[in-house]
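I have placed the structure first, in the form of structure tokens, so that the comments after it can refer back to it.
The values are calculated or read from the model by the stated rules, or taken from the named source; none is laboratory data. Please read all numbers here as calculations on a predicted model, not as lab measurements. Backbone-built Cβ (ideal geometry, glycine too); neighbour counts: all protein chains shown. Calculation scope for accessible area: heavy atoms of the full protein, side chains included, ligands and nucleic acids excluded. Shrake-Rupley method; radii C 1.70, N 1.55, O 1.52, S 1.80 Å.
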There are 2 protein chains.
Amino acid sequence: MREKFVVYGRNPVREALRGPRRVYRVWQAEEAETLQREAAMDGVPVVPVSRDELGAIANSRDHQGVAAEVEPYGYANAETLLDDEDALVIVLDEIQDPQNLGAVCRSAECAGATGIVIPERRSAAVTPAVCKASAGAVEHLSVARVRNVADFLALARERGAWVYGAEAGATAHYTELDYDGRTVVVLGAEGRGIRPRVRAGCDGMISLPVRGAIESLNVSSAATVILYEALRKRSARSSEI
Amino acid sequence: MREKFVVYGRNPVREALRGPRRVYRVWQAEEAETLQREAAMDGVPVVPVSRDELGAIANSRDHQGVAAEVEPYGYANAETLLDDEDALVIVLDEIQDPQNLGAVCRSAECAGATGIVIPERRSAAVTPAVCKASAGAVEHLSVARVRNVADFLALARERGAWVYGAEAGATAHYTELDYDGRTVVVLGAEGRGIRPRVRAGCDGMISLPVRGAIESLNVSSAATVILYEALRKRSARSSEI
């Protein structure tokens, strides 16, 4: 018997049906907005269940009336993320909050980033809670796991990437980068920041200006602002050509 | 006996101590990182409690070992937010998710926005969960409640503000605005968007480009990107002078 992998919530189930992951079945509570058409198109059976049963299947109350059994999440190969000469990769150094990982994935997918790199240990992985927090974006985004973040940064620099770490208080602002060519941006966990060995693997550090009384932006907000600045600069260049 | 208002979590309690709101007492569980110095500076008594007692006081498990009794949140006057000729105001049209309201408040405070306007009804208010989600930023940010959002937008336009609504698919991109002078940006709830009567009160609609497969950014991510674009444009102008 195969181990059971589940995603839950309207967006995560819909995006799993649209994405490359195999979906074995959809469970649906009575009054939920139907995903039957989407499931039928893929030949996926839809099984009616009670909300209580669904809560047990999803192991969460946050299922919005729908869940699906899926194959395990297919992580990408980190090195492959660097193939494109315009690769834009976000590295999350030991981000343990599933909400933050999911939120960064959603923004990265929207901004057209190449992918996300996370360490195998002491990091949130692509769990059902992360699928939910990403609104299903992880189904369409490359997420790679690496044993050692510093080694990945060294590889990225060998492959010609510019590697920047985001850090409150860094003198250079994120708006000063041109985001041209392969670009890797590293963000650390809130409070702790980027680990010293990872920081040492960066070409430079950048910050977002803060004008208020509190210390810093949420990590997913910071990542989103940087991703959209990269998209803005890149779009401006391509429209000049 | 006064009604009891509570904030919980390390950042929310610290920012309440630093901000204008009166703090009557701090409750702290044994092993929590101490806020005693901050409390002592304000002459606020620190009461040791068990984690279970704290859970009951905070009515949440998310208290991180600390909570405080505070005076009720002091909402700002919406009209006053428009006094500054460079006012930058975010209007949230019926955003009911406390996480999203808190996240927008945090980003707005960081970006130096003038304040946030929310409707009195069918909107999350500044509850303890919102204080937590904002990392305490609401203590330093003006949040105003209005009876009628469309009326506030009409007033803002009378006072010389440009009012823009953020909407997926709008032809104009957020990067095309100059964010000069009084600027009001309206965002709606995920899925439903901005209500028609509120939309009709906007001078124009703007969107954020999306390059991926999923429909749209999270509302707090969209707000953050717009706030930082406004800050970027305004900083560039002031450094030219």
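Structure above, values below:
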item	result
Antiparallel DSSP beta bridges within the protein assembly as shown, percent to nearest 5	25
Set of lysines with alpha-carbon distance to B:LYS233 below 27 Å, sequence-local pairs under 8 removed	A:LYS233
Most fluctuating residue given options B:PRO98, B:PRO196, B:PRO119, as computed from a GNM of chain B linking Cα atoms under 10 Å	B:PRO196
Chain B: antiparallel DSSP beta bridges as a percent of all, rounded to 5	25
Whole-angstrom Cα spans of the range A:43-171 along principal axes, big to small	53, 36, 26
Cα-only radius of gyration and Dmax that characterise the range B:62-115, units Å	13.8, 42
Peptide-level mean, for B:166-176, of C-beta atoms on other protein chains within 10 Å	1
Calculated label separations, A:VAL47, copies of the chain, 7 Å along the beta-carbon direction, nm	5.0
Length-normalised contact order of the range B:1-97 in % [C-alpha pairs under 8 Å, at least 6 apart]	37
Mean Cα-pair separation over length for the range A:135-212, i.e. relative contact order, pairs under 8 Å, 6 or more apart, %	38
For the protein assembly as shown, size of Cβ-based charge dipole, Lys and Arg +1, Asp and Glu -1, in debye	460
Whole-Å semi-axes of the range B:120-241's equivalent ellipsoid (Cα gyration tensor)	22, 19, 18
In the range A:93-185, trypsin sites (Lys or Arg not before Pro) in a DSSP loop with at most 13 other beta-carbon atoms within 10 Å	A:ARG121, A:ARG122, A:ARG147
Check: the range A:1-153 dipole with +1 on Lys, Arg Cβ and -1 on Asp, Glu Cβ, in debye	460
Whole-number accessible area per residue in Å² for chain A, which is evaluated in the context of all protein chains at 1.4 Å	46
Straight-distance crosslink candidates among lysines, where the alpha carbon sits under 23 Å from A:LYS132 and sequence neighbours closer than 8 are dropped	A:LYS4, B:LYS132
Shortest-first nm distances, A:ASN77 label point to equivalent points in other copies (7 Å, Cα→Cβ)	6.6
Semi-axis lengths, Å, the range B:139-188, gyration tensor of Cα atoms, sqrt of 5 times eigenvalues	20, 14, 13
Nearest-ten-degree value, helix A:149-158 long axis tilted from longest Cα axis of chain A	60
Sulfur and carbon atoms: percent of accessible area, chain A [1.4 Å]	45
Nm distances between copies for A:ARG197, ranked from closest, using label points 7 Å along Cα→Cβ	6.1
Interface residues, the range B:105-133 - accessible area loss of 30 Å² or more versus chain alone, probe 1.4 Å	B:ARG106, B:GLU109, B:CYS110
Between 0 and 90°, nearest 10: helix A:219-240 axis offset from chain A longest Cα axis	70
A:ALA236/B:GLU3 FRET efficiency (R0 41 Å; Cβ-Cβ; nearest 0.05)	0.15
For the range B:80-151, size of Cβ-based charge dipole, Lys and Arg +1, Asp and Glu -1, in debye	420
Relative contact order of chain A, defined on C-alpha pairs under 8 angstrom at six or more residues apart (%)	20
Trypsin sites (Lys or Arg not before Pro) within the range B:1-63, DSSP loop, no more than 14 other Cβ atoms inside 10 Å	B:ARG2, B:LYS4, B:ARG22, B:ARG61
DSSP bridge pairs, the range A:1-84: antiparallel proportion in percent, nearest 5	70
A versus B: buried accessible surface, summed, Å² (probe 1.4 Å, to nearest 100)	2700
Tail weight of P(r) past 37 Å, computed on alpha-carbon pairs of the protein assembly as shown, percent	30
Dimensions (Å) - chain A, Cα atoms, principal axes, largest first	56, 42, 35
Within the range B:1-85, GluC sites (Glu not before Pro) in DSSP loop having at most 13 other beta-carbon neighbours inside 10 Å	B:GLU3, B:GLU30, B:GLU31, B:GLU33, B:GLU85
